[in-house]
Every structure is written in C-alpha cells, then in structure tokens.
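Here the structure is laid out as structure tokens; the discussion comes afterwards.
The values are calculated or read from the model by the stated rules, or taken from the named source; none is laboratory data. Quick caveat: nothing in here was measured; it's all calculated off a predicted structure. Glycine also receives a Cβ, built like all others from the backbone with ideal geometry; neighbour counts cover every protein chain displayed. All accessible areas refer to the heavy atoms of the entire protein, side chains included, with ligands and DNA or RNA removed. Shrake-Rupley method; radii C 1.70, N 1.55, O 1.52, S 1.80 Å.
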Amino acid sequence: MPKVVSRSAVSSSTDAQPTASAAAALRVYYCICGEFILVIEKSLAELPKRQTDGATIIRSQDSGVVKAVVFKLNASPVEPVLIERSGGHERQYRFSCPRCNLLVAYQSFPPPVKSAPHLYILKGALTPVQGQVPKDAFDFDDDAIMSNV
C-alpha cells in the first residue's frame, strides 16, 4: 500500500486589517456552573445597567429610535415573583439556568423571551469564561437580597 501524505499551509498576517465579520463577533456568556446561557452581539459591559438592582438591560424589541439587540437566551422560565420597590411593586418573570437552576435573567412580561421591551441579566449571574466565577458574583447589597427572596 502506498503512503498517503497530505499537506496544508496556514497563512496569517499580523498586518491584516480586521474584517467586518470579525468586528461583529458574537459574545458568549455562561452560567457559573459552566452551562451556555447567552449569545449576544454586544458585550454585556457595553450595555446600560438598571439603577434598582444593577442588572444589565438588553433591549429586546425595537423602539421608534433604538434598534433591538440581537441575542439568544438559553434559560428556563420559572414562576413569576412580585417585588416591592420604593415606587410600588414590580412583577418579574424570571429565567434560570437549565442545568443548576440559578436565576440568570428576568423580564416584565410573561414568557417567551423577547415578549417584553427589555430583558434584564442579573448582576454576577453570567461569565464570559466558561467555568470561571464572574468578579461581581458576590458584590451585592444585603437589602437587595432580602427584597428578592
């Protein structure tokens, strides 16, 4: 039997300019248990934060001026809760990690995801590096914890 030899060459250049597709790369975020949870077109650090609880705000529906953010959430809906806020009450339709059931997000309208104008990612729930606990996972206010229990 003759030997089969295959060869390939890899070419790359450090001088090449980034392409449009490289600049528009999707970001992947994981639960602290390692489960894939979110794919999104922007970094969560670039998105605005909610003043009441520090959650990251993802616009899930277009408004007259602002376009919706493109994302896919891999989470399971759980029972809604009613949260008491200083200005009244807020109903949260929550989503949890399908593997460990950690709460990762909520919205103000019943599921499915994107049925509300915004989706809120809980502070410290997701990490960009699989298997690594995010820096802000344990940065929270004791009063905020008690109002969410």
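Summary table below
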| item | result |
| --- | --- |
| Odd one out for T56, checked against (1) β-branched (V, I, T); (2) over 22 Å from V133 (Cβ atoms); (3) at pLDDT 95 or above | (2) |
| Scan of region 24-35 for residues that are over 10 Å from the mean Cα position of the chain (by Cα) and either open to solvent by 50 Å² or more (accessible area, probe 1.4 Å) or under 12 Å from L119 (Cα atoms) (or both), ordered by number | A24, L26, I32 |
| Any chance G54 is in a loop (DSSP other than H, G, I, E, B), within 16 Å of the chain's Cα centre (by Cα), surrounded by 14 or more Cβ atoms within 10 Å (Cβ to Cβ) and not acidic (D, E) | yes |
| Qualifying residue in region 116-125 (condition: over 19 Å from L26 (Cβ atoms), of a type outside the set (S, T, Y) and loosely packed, with under 14 Cβ neighbours inside 10 Å) | no |
| Single residue of K67, K135, K123, K114 found to be modelled with pLDDT under 95 and either on the phi > 0 side of the Ramachandran plot or in contact with a Ser or Thr (Cβ under 7 Å, 6 or more places away or on another chain) (or both) | K114 |
| Selection status of E84, surrounded by fewer than 16 Cβ atoms within 10 Å (Cβ to Cβ), more than 15 Å from the chain's Cα centre (by Cα) and not hydroxyl-bearing (S, T, Y) | yes |
